[in-house]
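These notes concern the structure reproduced below.
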Amino acid sequence: MSVRALFDAVKVEGAIAPYDTLHLKVIYPAQMSGSEAEQNLGIVPADGAQAPFPVVVFFNGINCAPDVYQWLAIALAERGWVVVTYSWVAENLPGMIALTPGVDLKMWMPDTYGTGATASALPSVLAALERMQQSGVLAGLLDLDRIVLGGHSAGGRVAIESASPQFFPQVKGAFAFAAHSAGVTQLGYPAGTILPLPDALPLLLIGGTCDGVIAQSSFRYGVTWEQPTTPVLRTFEEGIAGGRNDSYLLLLEGANHFAIAHPKDPTERRPVLDFPATQPEEELRRVMLEAIALFLDAHIRKQPEALKPLQKLPDDKGALVAAFACK
């Protein structure tokens, strides 16, 4: 199995130049052909035998370069997925220029929350995918009726808040690491508020027991979290009703906020808030990947044989799993 990437750029409607462009990296299953275009231009065909490819759109954390998630994107592409990551430098918060997943702050306000997507980059990414379906390496090979939203930290939050068929009918599920739906008190929410998620599609929430960023950012929500995993656990318990047996919580023992990031970027300021991981990070990433891949197979690809190993993760992974639940 070969995995390759192609690149694209797309404008974000309503964004102000020069902060109005997404630079996409699209990682896909490939098949080396030996063609002249491949030899001279590096244009490698997709592996059409695995098509049509369902798509994961992955939202980075604030100031987290997409490359730190490439290990996950490659592993999913090896399993027959196309994975889209992107870079967007923009004014994420007033006066703060950052690498952002794209957060529509208007949709976080108490009078608008839940009425639309909070992922402001997603419409542009979906438009780019439609264009790729028409021409180029991936033409006719994408399954644009099976799109999954994934993300880390703030990117994970906008993924799980935007995964609704009312917002985007082509989206069929979501997963996130180190994300929750607590309401920011500066936006007008009472302290300790957990906001509801759309709760219409399969969902996987993953958190870590050593998440120092979540633990040391609790003041934004007017509380001191009892544990670093408290808002993730409460999002699962209070933010969704469940009842379909396709919503999951996985808490990884010893994982910190940047356990999903590899290799880590020491120049980014947020890691200084994090706690040290207490389990081997390679092992934690392996469990994370297995959980995500099984979740996608079971609930997006509709492969029932993936359900049993997904549900057995706590038994199989032992000390690396602090908690696991399904509802």
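Some values worked out for this structure:
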quantity	calculated
Per-region count, the range 178-204, residues of a type in the set (A, V, I, L, M), closer than 20 Å to HIS299 by Cβ and not in a strand (DSSP E or B)	4
Subset of the range 207-254 that is touching an Asp or Glu at 6+ places or on another chain (Cβ under 7 Å) and among the small types (Gly, Ala, Ser) - its residue that is nearest to GLU282 (Cα to Cα)	GLY212
Helices (runs of 4 or more DSSP H) contained entirely in the range 266-327, each with at least 1 residues that are under 20 Å from the mean Cα position of the chain (by Cα) and more than 25 Å from GLY242 (Cα to Cα)	281-299
Yes/no for LEU72 being within 21 Å of GLN170 (Cα to Cα), out of contact with any Gly (no Cβ under 7 Å at 6 or more places or on another chain) and crowded, with 16+ Cβ neighbours inside 10 Å	no
Within the range 123-152, considering residues that are under 24 Å from SER181 (Cα atoms) and in contact with a strand residue (DSSP E or B) (Cβ under 7 Å, 6 or more places away or on another chain), the one surrounded by the fewest Cβ atoms within 10 Å (Cβ to Cβ)	SER124
Test for LEU294: is it closer than 22 Å to ASN60 by Cβ, surrounded by 14 or more Cβ atoms within 10 Å (Cβ to Cβ) and not acidic (Asp, Glu)	no
So LEU149, is it hydrophobic (A, V, I, L, M, F, W, C) and farther than 30 Å from ALA322 by Cα	no
Unmet criterion (only one of (1) modelled with pLDDT of 95 or more; (2) part of a loop (DSSP other than H, G, I, E, B)) for GLY136	(1)
Qualifying residue in the range 141-158 (condition: over 11 Å from the mean Cα position of the chain (by Cα), closer than 18 Å to PHE295 by Cβ, modelled with pLDDT of 95 or more and among the β-branched types (Val, Ile, Thr))	yes
Search result, residues across the range 172-190 that are in contact with a Leu (Cβ under 9 Å, 6 or more places away or on another chain) and either farther than 13 Å from SER218 by Cα or charged (D, E, K, R) (or both)	LYS172, GLY173, ALA174, PHE175, ALA176, PHE177, LEU187, TYR189
Residues (over 20 Å from GLY208 (Cα atoms) and touching a residue at least 40 places away in the same chain (Cβ under 8 Å)) located in the range 162-182	SER162, ALA163, SER164, PHE167, PHE168, GLN170, LYS172, GLY173
Pick from the range 77-112, criterion β-branched (Val, Ile, Thr) and assigned to a loop (DSSP other than H, G, I, E, B), ranking: surrounded by the most Cβ atoms within 10 Å (Cβ to Cβ)	THR100
Test: residue in the range 23-34 that is part of a loop (DSSP other than H, G, I, E, B), surrounded by fewer than 19 Cβ atoms within 10 Å (Cβ to Cβ) and in contact with a strand residue (DSSP E or B) (Cβ under 6 Å, 6 or more places away or on another chain)	yes
Any chance GLN279 is of a type outside the set (Val, Ile, Thr), in contact (Cβ under 8 Å) with a residue 12 or more places away in the chain and surrounded by fewer than 17 Cβ atoms within 10 Å (Cβ to Cβ)	no
Selection count, the range 166-177, where residues are outside any strand (DSSP E or B) and touching a Pro at 6+ places or on another chain (Cβ under 6 Å)	0
Answer residue from the range 205-263, given it is of a type in the set (A, V, I, L, M) and in a loop (DSSP other than H, G, I, E, B) and is surrounded by the most Cβ atoms within 10 Å (Cβ to Cβ) among those	ALA255
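The values are calculated or read from the model by the stated rules, or taken from the named source; none is laboratory data. Just so we're clear, the structure is a prediction, and the values are computed from it rather than from any experiment. Neighbour counts are summed over all protein chains in view; Cβ atoms, including those assigned to glycine, are modelled from backbone coordinates with ideal geometry.
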